[in-house]
Amino acid sequence: MHRVRQPFNVHNLALGGAIGALDDHAFLAESFEVNRRGMEQIIAGLTRLELAHIPGAGKLVTFRAGDAANINQSLLKQGVTVWPPANYAMPEHLRVTVGHKSDNQRFLDALTIAVQRTY
């Protein structure tokens with residue numbers, strides 16, 4: 001089954017939950033606002049660290065980390081997981097998922113330490 005399934009597929013129970021969530025307009029509006037504020041928070045932090053990012057409108061921020069491999073390792077040692085898109089010919093970049101305010105701050109604090117150690 002794994003050889004023929006679509007990537008990132010979900011089961012029927014999850015689909016039912018998603019359909020129900022789409023009808024909850026207050027939840028959708030709040031989720032959108034949390035993501036918008038989180039995106040602003042992360043971009044502001046990257047700007048303070050003088051790390052360029054690729055503009056996006058979703059829940060992911062890709063940024064140029066320079067020595068991405070070492071910064072990724074430093075983040076992992078601090079318990080923060082990001083995704084290195086090196087397979088996409090972007091060896092100097094990392095990608096982070098926008099989260100809640102406290103999660104974003106934890107990422108930015110860890111990134112600040114990682115950048116200081118690397119440069």
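Could you pull out the residue among Ile71, Ile42 that is touching a residue at least 60 places away in the same chain (Cβ under 8 Å), crowded, with 16+ Cβ neighbours inside 10 Å and either under 12 Å from the mean Cα position of the chain (by Cα) or assigned to a helix (DSSP H, G or I) (or both)?
Details: Ile71 fails: touching a residue at least 60 places away in the same chain (Cβ under 8 Å).
From the options Ile71, Ile42, the qualifying one is Ile42.
Here are some residues: Asn12, Asn70. Which one is farther than 16 Å from Val115 by Cβ and of a type in the set (S, T, N, Q)?
Asn12
For Val115, all conditions in the list (1) touching a residue at least 60 places away in the same chain (Cβ under 8 Å); (2) closer than 15 Å to Gln41 by Cβ; (3) not hydroxyl-bearing (Ser, Thr, Tyr) hold save one; what is the number of the exception?
Status for Val115: all satisfied but (2).
In the set Pro85, Pro55, Pro91, which member is modelled with pLDDT under 95 and touching a His at 6+ places or on another chain (Cβ under 7 Å)?
Working: Pro55 fails: touching a His at 6+ places or on another chain (Cβ under 7 Å); Pro91 fails: touching a His at 6+ places or on another chain (Cβ under 7 Å).
Step by step, each of Pro85, Pro55, Pro91 is checked, and only Pro85 is modelled with pLDDT under 95 and touching a His at 6+ places or on another chain (Cβ under 7 Å).
Return the residues of the stretch 1-23 that are closer than 20 Å to Gly58 by Cβ and either touching a Phe, Trp or Tyr at 6+ places or on another chain (Cβ under 7 Å) or assigned to a loop (DSSP other than H, G, I, E, B) (or both); say none if nothing qualifies. Show your work before the answer.
Pass one, the stretch 1-23, residues closer than 20 Å to Gly58 by Cβ: 6-10, 14, 18, 21-22.
Hits for the stretch 1-23 are Gln6, Pro7, Phe8, Asn9, Val10, Ala21.
The values are calculated or read from the model by the stated rules, or taken from the named source; none is laboratory data. What you see is a predicted model, and the numbers here were worked out from it, not measured in a lab. Cβ atoms come from the backbone with ideal geometry, glycine included; neighbour counts cover every protein chain shown.
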